[in-house]
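A short worksheet on the structure shown next.
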Amino acid sequence: MNKYWKDVALSPDQSIRDALEIINQHALQVALVVDESDALQGVVTDGDIRRALLNNMTLNVPVSKVMNPNPITANIDTPKQKLIRLMEQKSILAVPLISDEKVVGLQTLKQALNQPYYENPVLIMAGGFGTRLRPLTDNCPKPMLKVGNKPLLEMTILNFAKAGFVNFYISTHFMPEQIKSYFGDGSRLNVNITYVHEQSPLGTGGALGLLPKDLPQLPLIMMNGDVLTKVDFQRLLDFHNENQAYGTMCVREYEYQIPYGVINGQGNTVVSMEEKPTQRFFVNAGIYVVSPEVVQQVHANQVVDMPSLLEANIESGNKVLMFPLHEYWLDIGRLDDFNRAQADICALGMSE
């Protein structure tokens with residue numbers, strides 16, 4: 001919604017032909033007229049151009065002569081449903097989004113109506129001490145460390161929000177006030193955020209027992225707050241639902257090369273030799289989908305880790321699946337990982 005608005009922007013002294021080319025190329029039926037500081041000067045639609053041509057204006061006339069200088073706009077924080085109602089009431093197809101009197105986005109009616117929407121709760125574990133990242137975490141919770149220009153936790157929430165998820169629960173323990181003061185109720189990001197606080201650490205799954213009892217009876221996605229990833233959350237949820245699983249664990253393939261020649265033998269007889277073989281394993285990626293039944297298995301203030309919780313379900317005969325991740329994934333547990341993340345986000349287009 002916000003990333004590509006400059007593709008349909010032009011300056012007031014550009015021509016009607018320029019505006020027509022932009023409208024034709026991007027098929028949005030609108031172009032934004034902005035000044036050097038991105039302040040909105042007006043909006044041009046294909047209808048404005050048709051009327052100009054019927055009035056015998058040439059394509060070389062500056063677009064400022066035909067634009068609507070007082071278009072309908074909305075604040076960047078306006079909820080999507082309110083934007084839809086506004087566009088339907090005013091019979092318009094797009095609304096420029098404004099912040100500090102500058103254009104920062106463009107919401108089209110088509111995008112808003114077609115964007116998926118999920119009521120599934122999302123639980124993000126953000127209570128860890130981050131001891132391996134000291135001194136960075138001496139006065140800052142690990143999920144609030146900035147990767148690029150945003151806290152890691154904000155990047156995680158935005159990735160979920162882009163996929164259509166809006167209901168978030170954040171588990172806190174270490175320095176919770178920093179997280180709460182930054183995100184508030186989530187309205188700044190057009191999402192809903194509720195906090196659950198662990199008075200003492202409850203393991204990677206204990207926060208499930210602190211969630212409200214009136215959660216929607218839908219699978220819940222939970223994720224460690226120190227993971228940076230581009231996983232397709234929609235595809236993950238579809239996989240879980242289609243297979244009617246109790247739990248789904250995201251996994252990554254991990255390779256380890258043994259630095260020596262490996263000898264296989266029977267008694268004193270050498271049977272085979274393999275020079276520096278590589279072993280491959282699937283490792284836990286810290287992202288899960290669990291059914292409402294699994295959530296209800298965890299009691300308030302119960303200490304439990306997610307692997308143990310899923311193992312208990314496996315022993316009970318409940319279906320637990322693994323979902324291999326092929327997208328970018330990085331567990332930011334050490335300083336080397338944190339420094340790598342700073343370099344990776346630009347190359348991956350995750351810095352905006």
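The values are calculated or read from the model by the stated rules, or taken from the named source; none is laboratory data. Here the structure is a predicted model, which is why all the values come from computation and not from measurement. When we count neighbours, we look across all protein chains shown, and the Cβ atoms used for this are built from the backbone with ideal geometry, even at glycine. These accessible areas exclude ligands, DNA and RNA; they are computed on the full protein's heavy atoms, side chains included. Shrake-Rupley method; radii C 1.70, N 1.55, O 1.52, S 1.80 Å.
Couple of notes before you dig in:
- Selection from region 36-51 of residues that are open to solvent by less than 60 Å² (accessible area, probe 1.4 Å) and either part of a strand (DSSP E or B) or over 21 Å from residue 26 (Cα atoms) (or both): 37, 39, 40, 42, 43, 44, 45
- Any hit, region 14-26, residues being among the hydroxyl-bearing types (Ser, Thr, Tyr), in contact with a helix residue (DSSP H, G or I) (Cβ under 8 Å, 6 or more places away or on another chain), open to solvent by less than 40 Å² (accessible area, probe 1.4 Å) and on the phi < 0 side of the Ramachandran plot: yes
- Matching option when the condition is within 23 Å of the chain's Cα centre (by Cα) and farther than 30 Å from residue 286 by Cβ, among 107, 89: 107
- Looking only at residues of region 290-328 that are among the acidic types (Asp, Glu) and in contact (Cβ under 8 Å) with a residue 12 or more places away in the chain, we find that the one that is least open to solvent (accessible area, probe 1.4 Å) is 327.
- Filter pass, residue 287 being touching a residue at least 24 places away in the same chain (Cβ under 8 Å), under 27 Å from the mean Cα position of the chain (by Cα), surrounded by 12 or more Cβ atoms within 10 Å (Cβ to Cβ) and over 30 Å from residue 217 (Cβ atoms): no
- Some residue of region 271-289 being modelled with pLDDT of 90 or more, over 15 Å from residue 251 (Cβ atoms), touching a helix residue (DSSP H, G or I) at 6+ places or on another chain (Cβ under 6 Å) and of a type outside the set (A, V, I, L, M, F, W, C): no
- Residue 182 being closer than 30 Å to residue 84 by Cα and open to solvent by 20 Å² or more (accessible area, probe 1.4 Å): yes
- Restricting attention to region 128-149, the residues that are under 27 Å from residue 208 (Cβ atoms), in contact (Cβ under 8 Å) with a residue 60 or more places away in the chain and open to solvent by 20 Å² or more (accessible area, probe 1.4 Å) add up to 3.
- Residue match in region 64-76 (condition: of a type outside the set (D, E, K, R), over 26 Å from residue 99 (Cα atoms) and either open to solvent by less than 60 Å² (accessible area, probe 1.4 Å) or in contact with a helix residue (DSSP H, G or I) (Cβ under 7 Å, 6 or more places away or on another chain) (or both)): no
- Restricting 177, 255 to those that are closer than 30 Å to residue 275 by Cα and open to solvent by 70 Å² or more (accessible area, probe 1.4 Å) reduces the list to 255.
- Residue within region 202-216 that is within 18 Å of residue 295 (Cα to Cα), in a loop (DSSP other than H, G, I, E, B) and open to solvent by 60 Å² or more (accessible area, probe 1.4 Å) present: yes
- Identity of the residue in region 217-237, assigned to a loop (DSSP other than H, G, I, E, B) and not small (Gly, Ala, Ser), that ends up surrounded by the most Cβ atoms within 10 Å (Cβ to Cβ): 226
- All positions within region 77-105 that are in contact with a Phe, Trp or Tyr (Cβ under 9 Å, 6 or more places away or on another chain) and either among the basic types (Lys, Arg) or open to solvent by less than 40 Å² (accessible area, probe 1.4 Å) (or both): 80, 96, 97, 103, 105
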